[in-house]
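Okay, so here's the structure we're looking at.
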Amino acid sequence: MIETFKVSDRVEIFPQKGGWHYIRVPKAMTKTLAHKADRGVIAIKATVGQTSWDTSLLPMGDGTHFIPLNARVRKREKIELEDEIEILFRLRS
């Protein structure tokens, strides 16, 4: 059985020009999945609403991770900065 994880948070954006939209992954979840990281990156299959895509949990630099939300996903699901969203994900091999 493939384990599914759920993350709910507010959409943020990195402050530099062209910064990525993302949601944070809780620190406890980062610790649980740390053994799956390859140079800090954890490959996942994410789903928000009706949209699924291959992406990764990326390191924030403070010991936690985030899930980037690309423009295609945001447009398809009508996601705006500061929206509260829920993402389901599973690990990819």
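Quick note: the coordinates plus some simple rules give every number you see, no bench work behind them. Only a predicted model underlies this, so the values are computations on that prediction, with no experimental measurement involved. Methodologically, a virtual Cβ is constructed for each residue, glycine included, from the backbone with ideal geometry; neighbour enumeration extends over all protein chains shown.
For this structure, a couple of remarks:
- In a simple Cβ point-charge model (Lys, Arg +1; Asp, Glu -1; nothing else charged), region 21-93 has a dipole of about 320 debye relative to its Cα centre.
- Dipole axis of the chain (+1 Lys, Arg; -1 Asp, Glu on Cβ), positive-most option in His35, Gly61, Pro15: His35
- Global form of the chain, assessed from the alpha-carbon gyration tensor, a/c cut-off 1.5: oblate
- In region 42-80, the trypsin sites (Lys or Arg not before Pro) that fall in loop regions by DSSP, at most 15 other Cβ within 10 Å: Lys78
- Within the chain, longest stretch clear of exposed GluC sites (Glu not before Pro) (DSSP loop, no more than 10 other Cβ within 10 Å): 4-79
- The distance between label points at Thr64 and Ile2 comes to 2.7 nm (points 7 Å beyond Cα on the Cα→Cβ vector).
- Rounded if a/c under 1.5, otherwise prolate or oblate - region 1-46, Cα gyration tensor axes: prolate
- In percent, rounded to a whole number, the relative contact order of the chain is 40, using alpha-carbon pairs under 8 Å and six or more apart.
- Backbone N under 11 Å from the Leu91 label point (7 Å along Cα→Cβ), restricted to region 22-49: 32-38, 42-44
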